[in-house]
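**Q** Let me give you the structure first, and then I'll get to my questions.
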Amino acid sequence: MNTQITIIGCGWLGLPLAQHLIKLNYKVKGSTTSLAKIATLKNNGINAYCITINSDKITGPIENCLENSEALIINIPPGLRRNPNQNYVAKIKTLITHIEKSGLKKVLFVSSTSVYADEFPIQEITESTLPNPTTESGKQLLISEKLLQSNPNFKTTVLRFAGLIGPKRHPAKQLSGKSNLKNPEAPVNLIHLTDCISIIEKIITVNDFGETYNASTTPHPNKKMYYSTVCKAMGLNLPHYELSQPSKGKTISSKKLEHHFNYDFQIKLE
């Protein structure tokens with residue numbers, strides 16, 4: 001197999017994804033915003049480019065990065081927690097102009113289940129649920145999804161991941177020791193790096209572009225039970241929850257993805 005894939009954003013997810021695709025004999029081009037990481041990408045067999053996407057322009061050889069690729073994976077989170085003034089939508093618009101010029105016809109956009117709001121009473125969320133984001137990040141992701149999927153020059157599959165967990169990454173570390181946390185009965189929606197990579201592989205392998213999928217592993221224990229258990233196992237201080245108010249939340253259903261790909265999540269929540 002000599003199919004070439006471009007990954008915009010070779011970070012926590014993008015780098016191991018690239019490594020996995022290379023093992024499957026794909027050719028991979030990948031971008032990073034850090035010159036210092038170029039050597040790491042190259043040492044892993046990735047044709048590496050230093051590229052920064054701004055709201056009005058792209059710095060770096062974006063044309064070369066996109067050229068001759070069969071599909072593009074956009075894996076750049078909004079990053080609004082660190083920089084709340086960023087215009088993520090404008091960045092995606094800027095990238096779209098270069099996708100159009102490149103002639104690429106297949107795009108996979110890594111999005112988030114933050115495009116769905118927490119509800120009371122707690123609801124099961126499917127792809128037919130109308131997105132109603134309440135966070136700025138979720139709002140900008142939803143607009144970006146629509147921009148990509150409505151573009152007639154290429155087909156975009158949107159992959160809405162739940163909270164990401166894996167090596168050196170787990171929300172329990174941020175919740176440890178905190179007090180008065182809300183929504184103790186809310187369902188937990190997470191997905192492990194292993195499953196993220198496996199699902200992306202399946203979408204690419206079967207050429208499944210133009211779809212939308214939710215992706216969250218099962219089961220969905222409540223936050224109080226789950227994070228207390230995980231923190232205890234990690235030797236961390238337990239979080240403490242506000243129990244006097246009813247919990248809002250959502251249960252992310254991945255039934256569409258599971259049915260379409262006959263997919264069984266590899267990493268379950270205990």
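The values are calculated or read from the model by the stated rules, or taken from the named source; none is laboratory data. Predicted model, so just to flag it, every value in this text is computed and none were measured. Positions of Cβ are generated from backbone atoms using ideal geometry, with glycine treated the same way; all protein chains shown enter the neighbour counts.
**Q** If a residue counts only when it is in contact with a helix residue (DSSP H, G or I) (Cβ under 8 Å, 6 or more places away or on another chain), free of Cβ contacts under 8 Å to residues at least 60 places away in the same chain and among the aliphatic types (A, V, I, L, M), which helices (runs of 4 or more DSSP H) contained entirely in region 1-111 have at least 3 such residues?
**A** Fully inside region 1-111 and qualifying: 88-102.
**Q** OK, next. In region 61-91, how many residues are within 17 Å of the chain's Cα centre (by Cα) and farther than 26 Å from residue 138 by Cα?
**A** Residues flagged as within 17 Å of the chain's Cα centre (by Cα) and farther than 26 Å from residue 138 by Cα within region 61-91 amount to 0.
**Q** Consider residue 82 against the criteria (1) more than 30 Å from residue 2 (Cα to Cα); (2) surrounded by 14 or more Cβ atoms within 10 Å (Cβ to Cβ); (3) charged (D, E, K, R): it satisfies all of them except one. Which criterion is unmet?
**A** The failed condition is (2).
**Q** From the list 18, 39, which residue is surrounded by fewer than 18 Cβ atoms within 10 Å (Cβ to Cβ), among the small types (Gly, Ala, Ser) and farther than 19 Å from residue 142 by Cα?
**A** One residue alone meets the criteria, 39.
**Q** Ok, one more. Identify, please: which residue in region 92-125 is over 17 Å from the mean Cα position of the chain (by Cα) and among the polar types (S, T, N, Q) and is, among those, nearest to residue 58 (Cα to Cα)?
**A** This residue is 94.
**Q** Looking at 104, 15, 21 in this structure, which one is out of contact with any strand residue (DSSP E or B) (no Cβ under 7 Å at 6 or more places or on another chain), under 22 Å from residue 199 (Cβ atoms) and modelled with pLDDT of 95 or more?
**A** Among 104, 15, 21, only 15 is out of contact with any strand residue (DSSP E or B) (no Cβ under 7 Å at 6 or more places or on another chain), under 22 Å from residue 199 (Cβ atoms) and modelled with pLDDT of 95 or more.
**Q** Among (1) crowded, with 18+ Cβ neighbours inside 10 Å; (2) touching a Leu at 6+ places or on another chain (Cβ under 8 Å), where does residue 122 come up short?
**A** (2)
**Q** Another question about this same structure. Read through the list (1) farther than 23 Å from residue 204 by Cα; (2) at pLDDT 95 or above; (3) in contact with a Leu (Cβ under 8 Å, 6 or more places away or on another chain), then give the number of the only condition that residue 129 fails.
**A** Here residue 129 clears every test but (3).
**Q** Can you tell me which residue is farthest from residue 16 (Cα to Cα) among those in region 171-230 that are of a type in the set (Gly, Ala, Ser) and in contact with a Phe, Trp or Tyr (Cβ under 7 Å, 6 or more places away or on another chain)?
**A** Per the criteria, the residue is 172.
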